[in-house]
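A short reminder: the numbers here are calculations on the coordinates, not readings from a lab. Computed from a predicted structure; not experimentally measured. Please note: Cβ atoms are built from the backbone with ideal geometry, for glycine as well, and neighbour counts cover all protein chains shown.
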Amino acid sequence: MALVNEHFLKLSNNYLFADIAKKVNAFKVSHPQIKVISLGIGDVTQPLCPAVIEAMHKAVEEMAQKATFRGYGPERGYDFLREAIIKNDYASRGIHLDASEVFINDGAKSDTGNIGEIVRWDNSVGVTDPIYPVYIDSNVMSGRAGVLENGKWSNVTYMPCTAENNFIPAIPDHRVDLIYLCYPNNPTGTVLSKNELHKWVNYALKNDTIIFYDAAYESFIQEDSIPHSIYEIKGAKKVAIEFRSFSKTAGFTGIRCGYTVIPKELTAETIDGKQRVELNHVWDRRQSTKFNGTSYISQRAAEAIYTPEGKQQIRETINYYMANAKMMTDTLTQLGLKVFGGKNAPYLWVKTPDNIGSWAFFEQMLYGAGVVCTPGVGFGPSGEGYIRLTAFGNRSDCEEAMQRLTSMLKG
Ligand SMILES: *Cc1c(COP(=O)(O)O)cnc(C)c1O
């Protein structure tokens, strides 16, 4: 008899964005004359840059000729891309990596969701709260998260990030085996200083913890002092796996390409305590069984981001989004709202007025202004009383949304 993996049944059926879509649709049906503006879902809006388009056209032409056609590529990714990554994203910051430590993938969601396979199912987990839902849900699926008690998973340590602690998570007072950190953060848009990140690396070194470091928003960092990679911290290669993505950096949400770094120095112990195993090797073995590589066309597209033209062009788009973030922050602050994030990340984390609930303010914005946000509580218990706004919209939509919110809150 085939039995279902019952861990999946523990997951809540109602996915956050499906709930939002349902409420938005109900509003649209009853208010057909109002143009709804979404500052909710974290997808980009601006097209691919010319350097990327040119590289993709060229790659398609190669695929059309017998002499240059490419079939299966290397599972770890093509050398041309891995070398461009090492040179531009790491060597330029004094971090030395070998090509064998970089794994090209089809986006960071796959690898952040699958990485848990290479460590024992009964390791304990720590997450900042609120959080990108993939980290917890993937651990629920493998049974590692335990059981849900009062909205929290029994084998997960939650590290609250709120205005009260300035969105700096406290280091746990007990041992946690696996810790997920995401900086710049989705959903709060906040960052960690080098000094704070140092504390996490030291904790991991001391407790033999592995840090899964999601740096999907690295390219949005504006302040020079903020670390772009966890490997800027001494000792981090022994304890951290870093995830990057071209999705937000270069508008690749529909192209699909990212990468994961697993340094050779990173090891984990066997349960009998007799051996330390290189996780780079274990992940390589996993990938060569379950993954057949990212498309050649996507990888040539990603390579083009690292050319001088490509760098300049993606920077312009990032600047466009960050100008949205600034304009939105300024407007909302003038309206008396407390706004966090938005300086080194394309997300604004906004405290609801009068401490009303996240969903209540979501409804107020939808019915009062026709603007869609994401309720903070959807990202975890500590998100209650906040909403997330994204700066990924068209400028004119962001401006109109701010005008409507101004009328709503003043009126
Ligand atoms: C968008 C995002 C990613 C990137 O996902 P892709 O699969 O690369 O598109 C990764 N982590 C976080 C926190 C994100 O918000």
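The table below lists the values:
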{"item": "GNM result for the chain, Cα springs below 10 Å: residue of Ala401, Ala325, Ala108 fluctuating most strongly", "result": "Ala401"}
{"item": "Theoretical FRET efficiency, 1/(1+(r/R0)^6), r = Cβ-Cβ of Thr307 and Leu148, R0 35 Å, to 0.05", "result": "0.15"}
{"item": "Within the range 302-411, trypsin sites (Lys or Arg not before Pro) in DSSP loop having at most 16 other beta-carbon neighbours inside 10 Å", "result": "Lys338"}
{"item": "Rounded FRET efficiency, nearest 0.05, which uses the C-beta distance separating Thr289 from Glu269 and R0 of 22 Å", "result": "0.45"}
{"item": "Exposure proxy ranking, count of Cβ atoms within 10 Å, fewest first, for Thr331, Thr406", "result": "Thr406, Thr331"}
{"item": "Theoretical gain in end-to-end length, His57 to Ser92 [0.36 nm per residue, Cα-Cα removed]", "result": "9.7 nm"}
{"item": "Square roots of five times the Cα gyration tensor eigenvalues for the chain, Å", "result": "34, 28, 21"}
{"item": "Within the chain, helix-based [θ] at 222 nm, where runs of 4 or more DSSP H residues each add -39,500 (n - 2.57), nearest 500", "result": "-11000 deg cm²/dmol"}
{"item": "Extension gain from Asp173 to Ser193, taking 0.36 nm per residue of separation minus the Cα-Cα distance", "result": "5.1 nm"}
{"item": "Those chymotrypsin sites (Phe, Trp or Tyr not before Pro) in the range 46-114 that DSSP places in a loop and that have at most 10 other beta carbons within 10 Å", "result": "Phe69, Tyr72"}
{"item": "GNM top mover of Asn355, Asn105, Asn114 - the chain, alpha-carbon springs below 10 Å", "result": "Asn355"}
